Amino acid sequence: MSGISLSPQLFQEIQQAIVRQEPAAAQDTGLVIQYLGAIAGYMLGSQNMPAAQKQEFLAELNDFIEHVMNDTDQKQAQQRQSQAANAFGIWEPS
């Protein structure tokens, strides 16, 4: 896998393109993710290469997706913990 650069703008533009195609995706993140998977599958299936090479690339892609998902989960968990540690307030009974 080659290095890629992700940004909130890229995510937003891709999601907007999917919503233009399928308006229900505006309220259904799972549907957006299905579209992304279908796009990847279609593009890989359309490549002129041996089936074994496609399967190898698909396996690498699945591993890459899992790595990005786990990394994102970990960073969000750390961010939530940091926010909770910095939270401060005073509670007074009514």
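Rule-based calculations on the coordinates, nothing more; no lab input. Predicted model only: the values in this text are computed from it and were never measured. Positions of Cβ are generated from backbone atoms using ideal geometry, with glycine treated the same way; all protein chains shown enter the neighbour counts.
Key figures
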{"read-out": "Residue-span extension gain [residue 46 to residue 71] - 0.36 nm each, minus C-alpha spacing", "value": "6.0 nm"}
{"read-out": "Summed residue charge, Cβ within 15 Å of residue 74's Cβ, Lys/Arg positive, Asp/Glu negative", "value": "-1"}
{"read-out": "The chain: calculated mean residue ellipticity at 222 nm from DSSP helix runs of at least 4, using -39500 (n - 2.57)", "value": "-25000 deg cm²/dmol"}
